[in-house]
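Heads up, the thing below is written out as structure tokens.
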Amino acid sequence: MKTDPSMDMDMGRGMSRERIIAHVRGFDGSHVVLPEAGGGFPELVWGDAFFSYSPDGPPPPTLQPYGTIVTKDYPGDAASALGPGRWRVNVHVERAVFRELTGEEPRDLRLPRDPAAADTLVPHPVYGQLGWVCVVNPGARTAGTVLRLLRGAHEAARARASRRRAGGAA
């Protein structure tokens, strides 16, 4: 029996990171990286999650993920005020989807938004102009949308990989 993913909340605070990670792991060809201490990753990324389409194992180092979960502010990316109890899902979306979600073109963002607002979908505070959207602590308003966007980003990554394998442009 399928349940409404927006109802899978973390003790009433919102959707859990674990639920999102499990959802992405269910995609065919999904590769999820969860850096931790001793794993060869820089300390800055410990506790975060990176989602790629890579059916044959770890993705090449040059392949950018299509989605991430970050649990802390990064240098140059502190507008979401992340930290204990605050984390953010980031998803790369197609241009038409970006326009539909935000009402703007990625390269022409003008509307004022609060990137620290919880359970609110906004252009990524650093990578919005490249077609990334994000949500701090997805909850009842955005959980279902986040899961759909991750599915769409995964399918777009799979299509790019298929074109690369066929010798076409990515």
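The values are calculated or read from the model by the stated rules, or taken from the named source; none is laboratory data. Because the structure is a prediction, the values reported are computed rather than measured. Don't worry about glycine lacking a Cβ; one is built from the backbone with ideal geometry, like all the others, and counts go over all protein chains shown. Protein only, heavy atoms only, side chains kept; ligands, DNA and RNA dropped before computing areas. Shrake-Rupley method; radii C 1.70, N 1.55, O 1.52, S 1.80 Å.
Quick notes
- For the range 111-123, backbone phi angles converted through the Karplus equation (6.51, -1.76, 1.60; θ = phi - 60°) give residue-by-residue couplings of 6, x, 9, 9, x, 9, 5, 6, 6, 9, 7, 9, x Hz, Gly and Pro being listed as x.
- Magnitude of the charge dipole for the chain, about its Cα centre and with charges confined to Cβ atoms of Lys, Arg (+1) and Asp, Glu (-1), is about 400 debye.
- Rounded accessible area per residue of the chain, 1.4 Å, Å²: 55
- Computed [θ] at 222 nm, deg cm²/dmol, the chain (DSSP H ≥ 4; -39,500 (n - 2.57); rounded to nearest 500): -7500 deg cm²/dmol
- Over the chain: Kirkwood hydrodynamic radius from C-alpha pairwise inverse distances, Å: 16.5
- Cα convex hull, the range 8-76: 113 Å³ per residue, rounded to a whole number.
- Apportionment of accessible area to carbon and sulfur, the chain, percent (1.4 Å): 54
- Most mobile of Ala157, Ala79, Ala22 in a GNM of the chain (Cα contacts under 10 Å): Ala22
- Applying a length cut-off of 18 Å (Cα extent along the axis) and a mean Kyte-Doolittle floor of 0.5 to the DSSP H helices of the chain leaves no helix.
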